[in-house]
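The values are calculated or read from the model by the stated rules, or taken from the named source; none is laboratory data. Computed from a predicted model, the values in this text were never measured in an experiment. Positions of Cβ are generated from backbone atoms using ideal geometry, with glycine treated the same way; all protein chains shown enter the neighbour counts. Side chains are part of the model used for accessible areas, which takes the heavy atoms of the whole protein and leaves out ligands, DNA and RNA. Shrake-Rupley method; radii C 1.70, N 1.55, O 1.52, S 1.80 Å.
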Amino acid sequence: MSTTPEPHAAGQDSTGSISVVLVDDDALVRTGLGLILGGAPDLEVVGEASDGRAGVDLVDRVRPDVVLMDIRMPVMDGLAATTELLARDDPPKVIVLTTFDTDDMVLEALRIGAHGFLLKSTRPEHLVESIRAVVAGEPRLSPSVTQQLIAQVSGGARQATASAADAKRERALGLLEELTDREREVAVAIGQGWSNATIANTLYMGLPTVKAHVSRVLVKLGADNRTQIALVVHDAGLTEDPA
């Protein structure tokens, strides 16, 4: 069910007030929001709707500046209604106002273009200020939502770093697979920083044999020096004692 006041021109009217439509299936929530916004001299609630479909139809009629949109509603949910509204010419600003702030909901709301995402527990003064901000072109998010997005970005960065490290390790292991078992032992020993003499004594090889193995390792790994061999061993994660 929705109220249908007289059509309201888009944008702030001649008195400078910001027109707002409330879309929420809970009548008590709509009443509470109306009382909060009614206390602000520059805000005017021009209509209410109890589901997303009715909300879209109401917006077509009254053309508000801002829509406060619940997510979980019958007939059409708030995300679907927001998508439909924002696909139209000269759409209103849409602030998703909900009890829920799960990652999926936040990211989906922002992906479809919502201008804000606030919790219903938002303080009245912050809600009023957020409406003014989105009309001025400044998206607004609840602090908890901002923290979630920061965590998402940080997690993504960590995941990207981990993925790069995994790729580097796989490449290094692939290179080392070209070596014989003995050459691999020599390469790991070089990765440990051992000299040819130490390798010879520890792995029970003659010094000329060690030098021959090192030469073959350089060729097979496409390395120019012992440092590059050590880097391959490090990237492969082979830090164990070769002895």
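If the requirement is being buried (at least 17 other Cβ atoms within 10 Å of the Cβ), under 23 Å from residue 46 (Cα atoms) and at pLDDT 90 or above, which of these qualifies: 120, 93?
93
Of the numbered conditions (1) outside any helix (DSSP H, G or I); (2) open to solvent by less than 60 Å² (accessible area, probe 1.4 Å); (3) without any contact (Cβ under 8 Å) to a residue 60 or more places away in the chain, residue 81 satisfies every one except a single condition; which is it?
(1)
If a residue has to be acidic (Asp, Glu) and under 10 Å from residue 22 (Cβ atoms) to count, how many in the stretch 35-75 make the cut?
2
Yes or no: residue 114 under 19 Å from residue 49 (Cβ atoms), touching a strand residue (DSSP E or B) at 6+ places or on another chain (Cβ under 7 Å) and either modelled with pLDDT of 90 or more or not polar (S, T, N, Q) (or both)?
Answer is yes for this residue.
Show the residue pairs meeting these rules: Cβ distance below 7 Å; 6+ apart or different chains; first residue within the stretch 35-64 and at positive phi; second residue open to solvent by 20 Å² or more (accessible area, probe 1.4 Å) and hydrophobic (A, V, I, L, M, F, W, C).
As it stands, the answer is 63/9; 63/10, since those pairs meet every condition given.
In the stretch 49-71, what residues are in contact with a helix residue (DSSP H, G or I) (Cβ under 8 Å, 6 or more places away or on another chain) and open to solvent by 50 Å² or more (accessible area, probe 1.4 Å)?
Hit for the stretch 49-71 is 53, nothing else.
Please note which helices (runs of 4 or more DSSP H) are completely contained in the stretch 170-243 and include at least 1 residues that are modelled with pLDDT of 90 or more and either at positive phi or open to solvent by 30 Å² or more (accessible area, probe 1.4 Å) (or both).
The qualifying helices (runs of 4 or more DSSP H) are 181-191, 196-203, 207-221.
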